[in-house]
Amino acid sequence: MITSFRWKPALLLGGWAAFLLVFLAGPLGALLVKCFEDRYGNWIGAGNFTAFVSAPNLIGATRNSLTIASLTTLITLALAFPFAFGLTRSAMPGKALFRAIAQVPLLAPSLLPALSLVYLFGNKGLLRDVMMGHSLYGPLGIVIASVFAFFPQAVLILTIALSVSDARLYEAARALGAGPVRRFFTITLPGAQYGLVSAASVVFTCALSDFGIPMVLGGHYPVLATEVFEQVVGLQDFGVGSVVGLALLLPVSLALWAENWSAGRQKALLSARSVLYRPTSPGTGFVAYCGLIGVLLLGIVAMGAFVSLITFWPYNLHPTLKNYDFGHFDEAGWGSFGNSLILAAGTAFFGTILTFGGAYLTEKLPGLAGLKRLVRGLAMLPLGVPGMVLGLGYIFFFDRPGNPLHGLYGTLAILLICTCVHLYSVGHLTAATALKQLDADYEAVSASLKVSAWRTFSRVTVPLCLPAILDIAIYLFVTAMTTVSAVVFLYSPDTKPASVAILNMDESGTVAAAAALCMVIFTSSAVVRLLHILVERALLKRTQAWRG
């Protein structure tokens, strides 16, 4: 095995490429072919595209999706930039607390803010008078819930973008008489340009492809994500559904192209002679602002927890745990939560191995430039593929009797594989970034000492990259616990995950039970995140002492 690891890198890289070709390129190819077939599998050419263009509801859904995604992006960036600026460019107290609060929405399904908003501003909501006659069900509700759900991603990216700056630029600007406003627009904003574009791309993509929020708050306001579901599940028209999925894929691809274009224009902010900027402003105003945002974020989660303990809103507000007896509201009962735990744990374990192993092969093994480019290209592809589109492709690819992998369809294994592939790009990028920081001399010295590549990998590379590996694992676990769109087409009665059970409960009118299951997912993700922090500290104390 060691000999194979060292002397046959082509076999290993070929295996990774084959995995991505079968479980990523194969489903996407099947989706593309289905665009030219009718619901019975007969070839009809461009008929489905003609039906899409001539359907007012589908054209309207496209326009609505772009509107929702654009508004969500603008509002989220407007709120996240001052938050990230306060964390990085001021000496405000409580930074660690505010950073943690900003990441709270990541632990909950996107359905939680939607359900909480129903009880706050819905027809029988606690604060319904604040709406002044406007309906929550439609673009207003979708945008508010989406801003909550995708705020953490924007803060994380913008915090990284604003954390590095050359203090000499600000000193020179002050010496030339530039005031705070001019320094902001001539130094800070241009320096954060790539972070802004990256954050906008991520938020736009998430808002465009999200399925859970529009399902709960969409009302009679169709978007592309819900139209894909309606065409496939409601009308059983897989051909038109594929075209709608393709329409969902195109704006996402354009957003990622914009991000790559901005990356090509980005210049290094620090050189060997740079002086790292150290904030001195007390940031009193930022404390108030971040505190207000934190109260709003925690308030939405608290509302979900409160509703989950209410007997019958709004007529009987006595506390009860009956909403947590999920067997009365969904046939899967607590089994759906068990499925989600298995799915999340499996995704964290196998996904971390896949992403880190693939990144290691492309970054550290010698030669095979062509094969490496293929693997890198395939590894980046899931970044531009919405989960619903990938799940739809899995139906067409695996639900064919002639496919030797047909036996995977309807099992928990296909949910696991689809989720790993859907989240592959982020893990690969994280691992590749960590591996690029390691000097190539490690492998050269090992080879000169006749140390096996496997021993170098396990005793040197993995310990040095342990922080990145742990980050990949917790990201995969939390995201797999809350994902909806990637698995909504693939589950069976025995493999239904909790996120899908929440949707079913909401559709059946048992919203309190849906909120209760959301809180179970949130609590379990928070506990795992806490355990991750404790384990990380213990492991890093043993393996990362050299960093001190």
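The values are calculated or read from the model by the stated rules, or taken from the named source; none is laboratory data. Computed from a prediction, not measured in an experiment: that's the story for all the values here. Cβ coordinates were reconstructed from backbone atoms using ideal geometry, including for glycine residues, and neighbour counts include every protein chain displayed.
In region 395-409, the residues that are assigned to a loop (DSSP other than H, G, I, E, B) reach residues that are crowded, with 20+ Cβ neighbours inside 10 Å with C-beta atoms within less than 7 angstrom, at least six apart or across chains, in these pairs: ASN403/PHE397; LEU405/PHE398; TYR409/PHE398.
Okay, residues lined up against (1) surrounded by 24 or more Cβ atoms within 10 Å (Cβ to Cβ); (2) modelled with pLDDT under 90; (3) assigned by TED's automatic domain parsing to the domain that holds MET303; (4) over 26 Å from ALA501 (Cβ atoms):
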{"residue": "ALA114", "(1), (2), (3), (4)": "yes, no, yes, no"}
{"residue": "ARG128", "(1), (2), (3), (4)": "no, yes, yes, yes"}
{"residue": "GLY133", "(1), (2), (3), (4)": "no, yes, yes, yes"}
{"residue": "LEU140", "(1), (2), (3), (4)": "no, no, yes, yes"}
{"residue": "PHE150", "(1), (2), (3), (4)": "yes, no, yes, no"}
{"residue": "GLN153", "(1), (2), (3), (4)": "no, yes, yes, no"}
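All of (1) hydrophobic (A, V, I, L, M, F, W, C); (2) within 29 Å of LYS496 (Cα to Cα); (3) touching a helix residue (DSSP H, G or I) at 6+ places or on another chain (Cβ under 7 Å) hold for PHE349 with one exception: (3).
Scanning region 208-233 for residues that are polar (S, T, N, Q) and either modelled with pLDDT of 90 or more or within 21 Å of ILE157 (Cα to Cα) (or both) yields a count of 1. Here ASP441 meets the list (1) of a type in the set (D, E, K, R); (2) under 19 Å from CYS465 (Cα atoms); (3) modelled with pLDDT of 80 or more almost entirely, failing just condition (3). Kindly indicate whether any position in region 508-522 is part of a loop (DSSP other than H, G, I, E, B), in the same structural domain as ALA432 (by TED's automatic domain parsing) and of a type outside the set (Gly, Ala, Ser). Yes; the residues of region 508-522 include at least one that is part of a loop (DSSP other than H, G, I, E, B), in the same structural domain as ALA432 (by TED's automatic domain parsing) and of a type outside the set (Gly, Ala, Ser). Considering region 219-232, and only residues there that are farther than 15 Å from VAL487 by Cα and either aliphatic (A, V, I, L, M) or surrounded by fewer than 21 Cβ atoms within 10 Å (Cβ to Cβ) (or both), the residue that is farthest from the chain's Cα centre (by Cα) turns out to be HIS220. Note on region 313-325: among residues that are touching a residue at least 60 places away in the same chain (Cβ under 8 Å) and assigned to a helix (DSSP H, G or I), the one that is surrounded by the most Cβ atoms within 10 Å (Cβ to Cβ) is ASN323. Output the number of the condition that THR205 fails; it satisfies all remaining conditions of (1) assigned to a helix (DSSP H, G or I); (2) modelled with pLDDT under 85. If we test THR205 against (1) assigned to a helix (DSSP H, G or I); (2) modelled with pLDDT under 85, just (2) comes out false.
Conditions tested, residue by residue: (1) in a helix (DSSP H, G or I); (2) crowded, with 19+ Cβ neighbours inside 10 Å.
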{"position": "VAL295", "(1), (2)": "yes, no"}
{"position": "ILE300", "(1), (2)": "yes, yes"}
{"position": "PHE306", "(1), (2)": "yes, no"}
{"position": "THR311", "(1), (2)": "no, no"}
{"position": "GLY327", "(1), (2)": "yes, no"}
{"position": "GLU331", "(1), (2)": "no, no"}
{"position": "GLY338", "(1), (2)": "yes, no"}
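Kindly check whether there is at least one residue in region 444-457 that is at pLDDT 85 or above, in the same structural domain as ARG373 (by TED's automatic domain parsing), in a helix (DSSP H, G or I) and within 19 Å of TRP16 (Cα to Cα). For region 444-457, residues at pLDDT 85 or above, in the same structural domain as ARG373 (by TED's automatic domain parsing), in a helix (DSSP H, G or I) and within 19 Å of TRP16 (Cα to Cα): absent. Among the residues of region 461-487, those that are over 16 Å from the mean Cα position of the chain (by Cα) and either in a loop (DSSP other than H, G, I, E, B) or of a type in the set (Gly, Ala, Ser) (or both) comprise CYS465, ALA468. Against the definition (touching a residue at least 60 places away in the same chain (Cβ under 8 Å) and either in a helix (DSSP H, G or I) or not aromatic (Phe, Trp, Tyr) (or both)), how does PRO190 come out, yes or no? Criteria not met by PRO190.
Is it true that VAL104 is surrounded by fewer than 21 Cβ atoms within 10 Å (Cβ to Cβ), out of contact with any Lys or Arg (no Cβ under 9 Å at 6 or more places or on another chain) and either at pLDDT 75 or above or under 28 Å from GLY304 (Cα atoms) (or both)? Yes.
Of THR347, THR362, all but one fail to be under 30 Å from PHE19 (Cα atoms), in contact with a Ser or Thr (Cβ under 6 Å, 6 or more places away or on another chain) and not hydrophobic (A, V, I, L, M, F, W, C); the exception is THR347.
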